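Only the coordinates and a few stated rules stand behind these numbers; no lab work does. Every value quoted in this text rests on a predicted model; they were computed, and no experiment measured them. Backbone-built Cβ (ideal geometry, glycine too); neighbour counts: all protein chains shown.
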Amino acid sequence: MAGNARDMATGAPDRAASYWNTADVVAGERFDYYREAICRSFMPLRPELGRDARQGFSARVSSVAGRDATLNVVSARAHEVIRGRHEIAQSPMPCYYVNLQLKGHCRIIQGGAFIDLGVGDVGIFSSDETFVLDHGQCADLGVASLMVPHAVFHDDRGEPLRRPEKLTLSSLYGKLLADAFSQHVQTVFRASDTDISQMQDLVIRLARMAAGDRKGDDGAGEGIAGARLAGLKAIIRQQCRRPGLSIAECAAEAGISVRYAHKLFQAENDTFSGFLWRERISRAARALRDPSNALRSIGDIAYTCGFSDLSHFYRCFQAHHDMTPGAWRRQA
């Protein structure tokens, strides 16, 4: 079922490249084909999508191997991607995923922290720690992912990255990285092997410099406080469906005082309650547009997302999305 990536661009030279399209299999088997035959063939991952939402699923994947790294380009209906301990155990060596968002958006959650990537953003995260890629409410996704072995990325220098980093936030190298990566994606299927390796070397160098620049920007500003806040937010996300969740409970689980927890949020011009209701609204918005929830009432969805007062849910939802939950659901 895998074909040569030259099909993607007429006249491209031969190389270690592969191309898959779910249109090559019958409709009822497309998501399983994508999950098993495609993803496991070049990166052990676990895509997830509700059974009802799999109807009409489609995806195209191309993979081009360079000298030191492999570029994978994916376009598909939006879904969640998980990498757990089982998938990590199947991988021969640790690598970084340097991702350029081509369409839609993606929240990368790893190690108690997360980053959000929009179109044109570049992020990096490691394969040797569990992670979740959440594409939220976008209908379709497009991503170019450069898989770089740790040994190649660090080149015997630097400390391993333990949490996701949004590299395009680098004031010095972010735009250069995004431009070089985009150019690589646009030309990879008609470039020579030498050009591919050189472009990948450039992207890797810029990603390495952007990661170092971001680390310098973080300094004391994030440091311990940033790690504490990331951990606190992770606890809130895990517990937000429980009505009556308090900052005291979350702070206790994080091992910090309530006063310090408030101070962490204030440093971002935010509050515990504001962050909590945004997380609940985000979950409710996704659930309302999930075809598998078509028969569930709005009230049931609100309650399972942590809201105990339906009128409060309606007010919060309309304030956040500028429309009622019913109107939001009908636009799906």
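Overview of results
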read-out	value
Per-residue [θ]222 nm for the chain (sum of -39500 (n - 2.57) over DSSP H runs n ≥ 4, rounded to 500)	-12500 deg cm²/dmol
On Cα atoms only, tilt of 193-239 relative to the major axis of the chain in degrees	10 degrees
Proxy reagent accessibility, fewest Cβ within 10 Å first, across Leu49, Leu206	Leu49, Leu206
Convex hull of Cα atoms in the range 41-192, direction-averaged projection (nm²)	9.7 nm²
Check: the chain dipole with +1 on Lys, Arg Cβ and -1 on Asp, Glu Cβ, in debye	800 debye
The range 240-330 - Rg and Dmax from Cα coordinates, angstrom	14.6, 43
Of the trypsin sites (Lys or Arg not before Pro) in the range 29-101, those whose Cβ has at most 10 other Cβ within 10 Å and which sit in DSSP loop	Arg51
Links that overshoot a 27 Å alpha carbon limit, given the list Lys175/Lys233; Lys103/Lys175; Lys103/Lys263	Lys175/Lys233; Lys103/Lys263
Cα gyration tensor category, rounded, prolate or oblate, for the range 43-98 with a/c compared to 1.5	oblate
Gyration tensor (Cα) of the chain, equivalent ellipsoid semi-axes in angstrom	35, 27, 16
Principal axis dimensions, the range 122-188 - Cα atoms, whole angstrom, descending	40, 29, 26
